[in-house]
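Taking it in order: structure first as structure tokens, then the write-up.
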Amino acid sequence: MLQDEIQKRRTFGIISHPDAGKTTLTEKLLLFGGAIQTAGAVKSNKITKSATSDFMEIEKQRGISVATSVMGFEYGGYKINILDTPGHKDFAEDTYRTLTAVDSVILVIDCVKGVEEQTRKLMEVCRMRNTPVIIFINKMDREGQDPYDLLDEVEKELNIHTRPLTWPIGIGSTFQGVYNLFEKKLLLFSNTKTKKAEDIISFNSIEDKELDLKIGEKAANKLREDAELIEGVYEPFDEDLYREGYLAPVFFGSAVNNFGVQELLDTFIRVAPSPKPRISDLREVNPTEKNFTGFIFKIHANLDPNHRDRIAFCRIVSGTFERNTFYYHTRLDKKLRFSSPNMFMANEKSVVDQAFPGDVVGLYDTGNFKIGDTLTEGEHIQYQGIPSFSPEIFKELINKDPFKAKQLEKGIRQLTDEGVAQLFMQEQGNVKIIGTVGELQFEVIQFRLLQEYGASCSFHSVAYSKACWITSDDKVALANFIRFKARNITFDKEDRPVFMADTLRNLKAVQDLYPAISFHFTSEFKTDQAKIAEGAWKS
Ligand code: G4P
């Protein structure tokens, strides 16, 4: 039954600032799910931190990560899909897009460092869609911050209410374990140097006198005090508030020591939402609808230059996806059939005959897809909510080989369809500006244009610092603005006008000077898209 398949699916992402322990936690969850047998298996997926310029190495590692882009496994009767998000900040936009395909996230925070830059950015993206968040405060075996202070910091900086479900006993050298406030159970962390999961002992009540013997009277009393205080200060955990993205349950643990991970997983499968309805341009689509629909949120290029095919990752939103069935590609107005769709179970790729809402299938693609494309059984809808984010680094693309202009044009269009970077055009497309969130992408583009399209290019820095999509209800005002600011106006691939701000201060001044113009930091905004599509901004 479709309904049963939906109920048992949990599709989520693990996010963190680099180094907080995302990879380690992912690996431990996979170990619990029996998807991998040994620790270290997920490491290959990680982009080496030092590799700021060795992009080949990164590409190699990204290549391996095709299989780990989606990690599916069964646990406790549930089908769990972890959607991998790259840790490297230069691939942040990849992460943002992947977050559009999850139903919830687990956010990992390092207890020593607290809330960090990427933590903030990633949470902003989650807040845009009210994605439910569970917080895992990691590295409790290290001398971290006081847990009350950490929760305060999370609430203030991430603008979300928290509710601890476990509570730590000590921290760093005095860390002795966690008390499960939810199940009223105590889990002790062994004090030996090699802390292992087998050393965990369970208690049934916090009042148990044996607790004093195990952790010492002082720590036992402190825990009783803390538990009382937390139960007094916090409302009981409200699952609905969590599912609305308003309240984040918090767990404490140490991923590398496999500590607190099972509590996290057991609570996660119980409270995390099953696949949710999704908004399209015409209507909301319910996962239980009979007809299949889905959207592409990620495209992975084949690194072998002899095979230019790519894998497009499709998140299933509704109905049942069937192999070898014609589906309707709404942007191209074309029917496509997939003879070997892939699914990723237990870290292995295999061809699947059927997939259900919440699942991700990898579809072989020869250039039909771009990010955000929608597949249906014939209905003409387009899923929303996969915006492009305003890039921060801009360079002009220079063609180094006049005989290869066509290849360059084709290559840059395809690479930007894949979401490697964004393309902005001036002077009817003669000037091409590439916008990215990281320097690495320029190396990626240069290398891939040469390898895959035989086109050599270089980049010329341009001094823009932000790109904003512009709209206005006043069509004359918009047309005038575009004319006055011609030097700073570009058009994106959908021919939408974009204002390129020289500096943030300059942007602010322009915003003040032109109140009739709206400036948007993502490409998807709640204005009359149709007007823009019709080219109403053109005079
Ligand atoms: P990331 O994916 O978020 O970037 O982080 P990752 O899991 O790679 O973890 C970053 C570092 O933190 C790793 O150490 C990892 O072993 C360590 N770590 C993860 N969880 C814990 C924890 O609970 N306690 C402590 N003390 N450390 C933890 P590394 O030295 O960078 O790598 P490795 O040599 O250990 O693999």
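What part of the accessible area of the chain, given as a whole %, is carbon or sulfur when the probe is 1.4 angstrom?
The value for the chain is 50 percent carbon and sulfur by accessible area.
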Over all directions, average the projected area of the Cα convex hull of region 350-437 and note it in nm².
8.8 nm²
Candidate aspartates and glutamates for bridging to Lys370, where Cα separation is under 12 Å - those fewer than 8 sequence places away on the same chain excluded
Asp417, Glu418
Cross-link list Lys113/Lys349; Lys121/Lys218; Lys113/Lys218; Lys222/Lys276; Lys432/Lys508; Lys335/Lys406: which exceed 32 angstrom alpha carbon to alpha carbon?
Lys113/Lys349; Lys121/Lys218; Lys222/Lys276
Can you tell me the dipole magnitude for the chain around its Cα centre, using point charges on the Cβ only (Lys, Arg +1; Asp, Glu -1), in Debye to the nearest 20?
1600 debye
Which one of Leu415, His161, Phe313 is farthest out on the positive end of the charge dipole of the chain, using unit charges on Cβ (Lys, Arg +1; Asp, Glu -1) and the Cα centre as origin?
Leu415
Under Stokes-Einstein, with the Kirkwood radius over Cα pairs standing in for Rh, what whole-number D in µm²/s applies to the chain at 37 °C and 0.692 mPa s?
132 µm²/s
For Ala272, what charge total do you get from the other residues with a beta carbon under 12 Å from its beta carbon, if Lys and Arg give +1 and Asp and Glu give -1?
+3
Which whole-angstrom value gives the distance between the alpha carbon centres of region 97-149 and region 500-523?
30 Å
In Å², and per residue, what accessible area does the chain have when probed at 1.4 Å with the other protein chains present?
43 Å²
In nm, give the distance between the simple-model label positions of Thr366 and Phe491, each being 7 Å from the Cα along the Cα-to-Cβ direction.
3.1 nm
Spin-label pair Thr522/Lys184, simplified geometry with 7 Å Cα→Cβ offset, distance in nm:
4.2 nm
With a sphere of radius 10 Å drawn around the Cβ of Phe297, what net charge do the other residues whose Cβ falls strictly inside it have (Lys, Arg +1; Asp, Glu -1)?
+1
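Can you give the helix-only mean residue ellipticity at 222 nm for the chain, where every DSSP H stretch with n ≥ 4 adds -39500 (n - 2.57) and the sum goes over all residues, rounded to the nearest 500 deg cm²/dmol?
Computed mean residue ellipticity for the chain: -8500 deg cm²/dmol.
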Could you order Glu409, Glu116 so the one with the most accessible surface comes first? Probe is 1.4 Å.
Glu409, Glu116
Sorting Phe136, Phe447, Phe237 by accessible area (1.4 Å probe), largest first, what list results?
Phe447, Phe237, Phe136
How high is the relative contact order of region 393-538, in percent, counting Cα pairs under 8 Å that sit 6 or more residues apart?
26 percent
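The values are calculated or read from the model by the stated rules, or taken from the named source; none is laboratory data. Since this is a predicted model, take the numbers as computed values, not measurements. Positions of Cβ are generated from backbone atoms using ideal geometry, with glycine treated the same way; all protein chains shown enter the neighbour counts. These area figures cover heavy atoms from the full protein model, side chains too; ligands, DNA and RNA do not enter into them. Shrake-Rupley method; radii C 1.70, N 1.55, O 1.52, S 1.80 Å.
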